[in-house]
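All remarks here apply to the structure that follows.
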Amino acid sequence: MMVKNRHETSRGILDIPFAAPAGTPAGVEVMSLAALRGRVSRQLVARPQRSDFHHLLTLTSGGMWHTVDFDRYRLRPGCWLWVRPGQVHQWGNLTGSEGTLILFQQDVLDPATAAAARVDDPYGAVVSEPVHQDAEAVNLAAEHLDHEFRALGQLPLDAHLVVLRHLLAVLLLRLAHLTGPADGLPPAPDDAYVRFRDLVERHFARTRRVEDYAQMLGYSPRTLARATLSHAGLNAKEFVDRRVVLEAKRLLAHSDLTSAQIAGRLGFATPSQFSKFFVRRAQHSPIDFRNSVRGRESTPDVPPGPLSAH
């Protein structure tokens, strides 16, 4: 999974394609954190990396940190971490933690299941913590998936893969539709928000104008504003700008592109326009942000103390 076929940029970010272990069905892999530690060196696993597949992680003991797109999450037993393709993430210290890691490619699910599980939502929750009946159902689904993955050879390979797909679907649907606590759940996204979100993901480097997205979608800017405020808690312009800032941060932290090159890639007319935009949104100049992130990357992570939050 994390050693074979990796590619490195000049900055050292690891771009990792999915590589199924020999003899196992393509598209899904289940392993323990102990197995991960045995497969990959601590130095390598702690490097910033971006994958073309999903990571699902839950801890059974211990605690750790995990960074996803510059936000740091403190994990404890019972939490579920979901890192999606394209997100830049970085493992913390794995020492003393145990749990289950599930890797899967998005196309292992049929389109209807992927949509119902909101698998392709780039703004989905990174960390969730099921409680009560939800926790019991999610844990049971994960245990069954782990058991079936390790039962290779008991069924024909094609049948084994079908079973894994169905069990993975159960787990993802349970995680995507937790029933409580109700006041902590976002409203289900409506069609206007989903279409706007997906269009922004494709065109944020071409335009930052909400009016342009409204025209492409056939909605009014006011409709997009209401939909975005309802689901994401911010206005449509802020939504677009945050996506641009995220991409700028990724490029500053994990590439050697100059600020002028990043400005051009993100659709800014001049480097100074990009710099003013970035300072206003990130409270740092591009070069100061790059220096601060690279300084943090060179500092070894330390094991967290007792965990009371994530």
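Throughout, read-outs are computed from the coordinates displayed, never taken from laboratory work. In this text the structure is predicted, and so the values were computed from the model without any measurement. We place every Cβ from the backbone using ideal geometry, glycine too, and count neighbours over all the protein chains shown.
Say R0 is 25 Å: what FRET efficiency, to the nearest 0.05, do residue 24 and residue 114 get from their beta-carbon distance? Show your work: numbers first, answer last.
Details: r = 21 Å, r/R0 = 0.85.
Given R0 = 25 Å and the Cβ-Cβ separation, E is 0.70.
Extent of segment 7-182 along each principal axis, from alpha carbon coordinates, in Å, largest to smallest?
Computed over segment 7-182, the largest-to-smallest principal extents equal 42, 41, 31 Å.
Does segment 46-114 come out rounded, prolate or oblate, given a ≥ b ≥ c as the square roots of the eigenvalues of its C-alpha gyration tensor, rounded meaning a/c under 1.5 and, failing that, prolate meaning a/b above b/c?
Judged from the Cα gyration tensor, segment 46-114 comes out oblate (a/c at least 1.5, b/c at or above a/b).
Whole percent per 10 Å bin, from 0 to the bin with the longest distance: what is P(r) over all C-alpha pairs of the chain?
5, 24, 33, 26, 11, 1, 0
Around residue 64, which amide H atoms from residues at least 5 apart in sequence, or from another chain, sit under 5 Å from its own amide H, with H modelled in the peptide plane?
Hits under the 5 Å cutoff: 75.
Can you list the residues, at least 5 places off or on another chain, whose amide H is less than 5 Å from the amide H of residue 18, using H built in the peptide plane?
Sorted by chain and number, the residues that satisfy this are 52.
Give me the distance in nm between label points sitting 7 Å out from Cα along the Cα-to-Cβ direction at residue 39 and residue 285, one decimal.
For residue 39 paired with residue 285, the spin-label model returns 4.3 nm.
When the distances between all Cα atoms of segment 191-297 are binned every 10 Å from zero, what whole-number percent does each bin get?
Going out from 0 Å in 10 Å bins, segment 191-297 shows 15, 43, 28, 13, 1 percent.
Cα centroids of segment 237-301 and segment 107-131: how far apart, whole angstrom?
So the two Cα centres are separated by 28 Å.
What is the chain's relative contact order, in percent, from Cα pairs under 8 angstrom and six or more apart in sequence?
17 percent
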